[in-house]
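Here is the structure we will look at.
The values are calculated or read from the model by the stated rules, or taken from the named source; none is laboratory data. Just so it is clear, the model here is predicted, and its values are computed rather than measured. For neighbour counting, all protein chains shown are included, and Cβ atoms are generated from backbone atoms with ideal geometry for every residue, glycine included.
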Amino acid sequence: MNTRGMKRQVTGTIVSNKMDRTVVVVVERLVKHPLYKKFIRRQHKYMAHDQDNECQIGDRVLITQSRPLSKTKRWRVSRILERAV
């Protein structure tokens, strides 16, 4: 399996869009506890580049890993999957 050149993609929810061309995306995942075998929600916040400032809080987006764009941004918004109501 050749993974070279394949960028990582994850889906998440936008929690902040106060910066210029930058959004904060929360990505949740489920992990099984090693001892109790119960699923636990883990979340991580990513700063993502939003070129046209079109994302709103609550939108579900697909983000793709990219080259470093700033000190904290390593992701780009690929597309908006679902708009917030």
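Quick look at the values:
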{"quantity": "Total residues in the stretch 1-17, condition assigned to a strand (DSSP E or B) and small (Gly, Ala, Ser)", "calculated": "2"}
{"quantity": "Condition check for residue 85: at pLDDT 95 or above and farther than 22 Å from residue 5 by Cα", "calculated": "no"}
{"quantity": "Residues (exposed (fewer than 10 other Cβ atoms within 10 Å of the Cβ) and part of a loop (DSSP other than H, G, I, E, B)) located in the stretch 18-39", "calculated": "20, 33, 34, 35, 36, 37, 38"}
{"quantity": "Output for the stretch 55-71, where each listed residue is of a type outside the set (Lys, Arg) and surrounded by 12 or more Cβ atoms within 10 Å (Cβ to Cβ)", "calculated": "55, 56, 57, 58, 59, 61, 62, 63, 64, 65, 66, 69"}
{"quantity": "Qualifying residue in the stretch 45-67 (condition: of a type in the set (Phe, Trp, Tyr) and either free of Cβ contacts under 8 Å to residues at least 24 places away in the same chain or touching a helix residue (DSSP H, G or I) at 6+ places or on another chain (Cβ under 8 Å) (or both))", "calculated": "no"}
